[in-house]
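Novice: What follows is a structure written as structure tokens; I'll ask about it next.
The values are calculated or read from the model by the stated rules, or taken from the named source; none is laboratory data. Quick caveat, the model's predicted, so the values are computed rather than measured. Reconstructed Cβ throughout: ideal geometry from the backbone, glycine too, with neighbour counts over all protein chains shown. The protein model used for the area step is the full one, side chains on, heavy atoms only, and it has no ligands, DNA or RNA in it. Shrake-Rupley method; radii C 1.70, N 1.55, O 1.52, S 1.80 Å.
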Amino acid sequence: MLKHLLCAFLLLALASSVSADTINLYPRGTMNLIPQPTHFEWGKSPETPFLVTDQTRLFLPPLERPEWLAVEGLLADMQTKWGRRPVLDRRGALTTETAAPAIDFQVKDPAGDGEGYTLDITGNSITLVADSPVGLLQGIRTLRQAVLHSPRMGGIGPLHIKDAPAFKYRGFYLDVSRGKVPTLATLKHVVDIVASYKVNQLQLYIEHPFAFRFNPAISHGDAITPDEILALQEYCRDRRIDLVPSLQSFGHMAGVLSLPEYRELADVEPTKSFEEMTWQERMSGTTINCRDPKALALLEQMHDAYVSLHDSPYLNVCADETYDLGKGKTASVAEEIGKGRLYLSHINWLNDLSKKQGKRMMFWGDIVKEHEELIPEIPRDTILLNWGYFAGTDYESCKLFADAGLDFYVCPGTSGWVRFLNDVNNADLNIRRYAAAGKKYGAIGLLNTDWGDRGHINPLAGSLHGIALGAAMAWNPDAPDADEFDMRWNDMVFGDSNGGAIKALRAQSTGMLSWIAFQTDFEDYAALKKWRVTEEQAVKLAEAAPLGIKTFTHYQKVHMGNELDVAELLQGSRMNALAAEKVLLMFELQRAEGKPDAKLRARFKKLAKGLSDTAPAYRELWLARNKPSDMERAINAIAAVERQALRYSRMK
């Protein structure tokens, strides 16, 4: 009893002594919130922070399952952060006569779907008023972040937030087809991450790695199963995330059309099996023959097997980069009616198929941008996905779709593909510029993409900054600026308010395609020129990688951040150091005309040793989050560079 009285006395004393100067307890005078609310202001003096006591009650309206789960998370956060949690009360609502500090959640329209909310925190109350149950969920997510960022003494606020999203649809797109198939646990982990940032759509890119029951050979080994899709869909539903099926239905179908029984259905028939193809060959083709009835029947079969598992009202048929269209069996048709109209004819067929499945179709917009004259003929009930992944992307192309009266998303990316760690600098500009263009031209959504081209060497942790930024800009494209966002993200993810991780990641964002450069034969100087890999990039990366190694080694020692995230970022930094040295040795070898001296031979030997040492860790980290899939192929590619380095180290 004495203990409880003492605690109450300390809390009251704290409340009476803290004024609006409480904001000074927050680093940079701001609160770590991602996304940034559209309107945020601190309370005015003499308001005091809100403090949870043993008498605090949380008044709840009737809740649906997603909101109830969020409330449970909020209570757990309060218990973890403050060692206290309010008592739940469904019997009434907050009144002016309530003596003890109280928390009140209200929903204006229980049948609505608006995501707006207001959050007011004073010394005596937290009041969250939402437009709908969905808005309540978003408000709770903001409150959870505020709690986790509050001072450990237990105070929060005072503050006022009025918030609503800029884009109705805010999605994350995860590549699971280029060599790395995540486990169900990893997919759920991704859902938890994006849900905390208020993302409301998730798409998995499927070319072939799904366990099609009518022909399991399509998956070529490890695949996502129907049961996993259903389990993931339920997990998403509990967080109000729409799991939108995304099934490649035109180009990029090498995994399917390389099978002997389907090769005749390709526009240009592949001559190699999928296993024999290089990663680049897998990506560069293969396009289905959109005029072959048997090819269309196969697509119907695939859609029936995969798309039918999803409750979403939407379907992404992809249909991008149809490299072989009009070059093989459809050449005569393309010559007669034009390649653009041939493409559009298949889009119309896919749209009809989507309607039969009760879905509204979306597809990538790159091909129709090559045939602007046909944009007015695109079915008005489709959604265009306007993508581009470089800082210098033509963002004004959004105007093409806006002027045609088409619904469209803007689709930036996390810039992780063909790299050991993401190019954070490029991703930052790409995401921000696409969000701004989307807002300017009336896009209905932002779909942030995370690709794994050429074997998916890039780790999930490398994309965490881009994932958070994409969600933040989809909600509020106007704030915060890059420096402020970086510090918030670093503090929220790693508990480091000094920005150590993001500084290390930005320093390593040199623009070098590290995975492509890494795999290139030591004397293939033409490849370096083709991929615009320069010695200057390699020097910068060699200078920057040690900072990443130092930072993430420190994080490991002091247990900052998620253990697996930190391990992946440390491994990526080490691989960047090795890739930089490998490229530098290529330039040195070129100057030495292929004849390394003793000093160069010693460097080749050291590189080989570093590569040998990294293989076990690489395998362990891959399997921590993914099925084996193309793991051995990736490790063999690393081993091949090791063997080359050893050969040069032994030259006389």
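Novice: From the helices alone, meaning DSSP H stretches of at least four residues, give me the mean residue ellipticity at 222 nm for the chain, per-run term -39500 (n - 2.57), in deg cm²/dmol to the nearest 500.
Specialist: Only helices count here, giving -14500 deg cm²/dmol.
Novice: What residues of the stretch 212-254 lie in the reach of a label at residue 263, counting those whose backbone N is under 15 Å from a point 7 Å from the Cα along Cα→Cβ?
Specialist: 254
Novice: Considering only protein heavy atoms and a 1.4 Å probe, what is the carbon-and-sulfur percentage of the accessible area of the chain?
Specialist: Result for the chain: 54 percent of the exposed heavy-atom area is carbon or sulfur.
Novice: What's the local net charge at residue 499, with K and R +1, D and E -1, over the other residues with C-beta under 10 Å away?
Specialist: -1
Novice: A follow-up question, please. When only Cα pairs under 8 Å and 6 or more residues apart are kept, what is the percent relative contact order across the stretch 415-541?
Specialist: Computed value for the stretch 415-541: 31 percent relative contact order.
Novice: Let me cross-check residue 558: its accessible surface, 1.4 Å probe, with only protein heavy atoms counted, in Å² to the nearest 10?
Specialist: 70 Å²
Novice: Follow-up. Determine the gain in length on full extension of the stretch residue 53-residue 529; use 0.36 nm per residue of separation and subtract their C-alpha separation, reporting nm with one decimal.
Specialist: Once the chain is fully extended between residue 53 and residue 529, it gains 164.8 nm.
Novice: Evaluate the distance, in nm, between pseudo-label points positioned 7 Å from the Cα of residue 311 and of residue 635 along their respective Cα→Cβ axes.
Specialist: Here the answer is 4.0 nm between the modelled labels.
Novice: Considering just Cα atoms, how many Å³ per residue does the convex hull of the stretch 123-243 enclose?
Specialist: 133 Å³
Novice: Which value results when the Cα radius of gyration for the stretch 425-580 is divided by 2.2 N^0.38 Å?
Specialist: Normalised Cα radius of gyration, the stretch 425-580: 1.11.
Novice: Distances longer than 21 Å among the Cα atoms of the stretch 120-186: what percent of all pairs is that?
Specialist: Taking all Cα-Cα pairs of the stretch 120-186, the fraction more than 21 Å apart is 48 percent.
Novice: Compute the semi-axes of the equivalent ellipsoid of the stretch 336-444, taking the square root of 5 times each eigenvalue of the Cα gyration tensor, and list them largest first in whole Å.
Specialist: That gives 27, 15, 14 Å for the three semi-axes.
Novice: Looking at the stretch 507-547, what % of the alpha carbon pairs are farther apart than 15 Å?
Specialist: Counting every Cα pair in the stretch 507-547, those more than 15 Å apart make up 36 percent.
Novice: Take each of the peptides 250-258, 325-333, average the number of other beta-carbon atoms within 10 Å over its residues, and list them starting from the highest.
Specialist: 250-258, 325-333
Novice: Considering every Cα-Cα pair within the stretch 497-652, what fraction, in whole percent, is farther apart than 29 Å?
Specialist: 19 percent
Novice: Right, another one. Which parts of the stretch 604-645 would a label at residue 183 reach, counting a residue when its backbone N lies under 17 Å from a point 7 Å out along Cα-to-Cβ?
Specialist: 617-632
Novice: Hey, can you rank 353-362, 272-281 by average C-beta count inside 10 Å, highest first?
Specialist: 353-362, 272-281
Novice: Give the peptides 392-402, 124-134, 420-430 in descending order of average Cβ contacts within 10 Å, highest first.
Specialist: In descending order of packing, they fall as 420-430, 124-134, 392-402.
Novice: How much net charge surrounds residue 114 when only other residues with a Cβ under 11 Å from its Cβ are counted (Lys, Arg +1; Asp, Glu -1)?
Specialist: -2
Novice: While we're looking at this one, here's another question. Counting only heavy atoms of protein chains, what accessible area per residue, in Å², does the stretch 480-615 have with a probe of 1.4 Å?
Specialist: 46 Å²
Novice: So, one more: Quick one: net charge of residue 333's neighbours, Cβ under 12 Å, K/R +1, D/E -1?
Specialist: Residues close to residue 333 contribute a combined charge of +1.
Novice: Go from 0 up to the bin containing the longest alpha carbon distance in the chain, width 10 Å each, and give me the % of pairs per bin.
Specialist: Bins of 10 Å from zero give 3, 15, 23, 24, 18, 10, 5, 1, 0, 0 percent of pairs.
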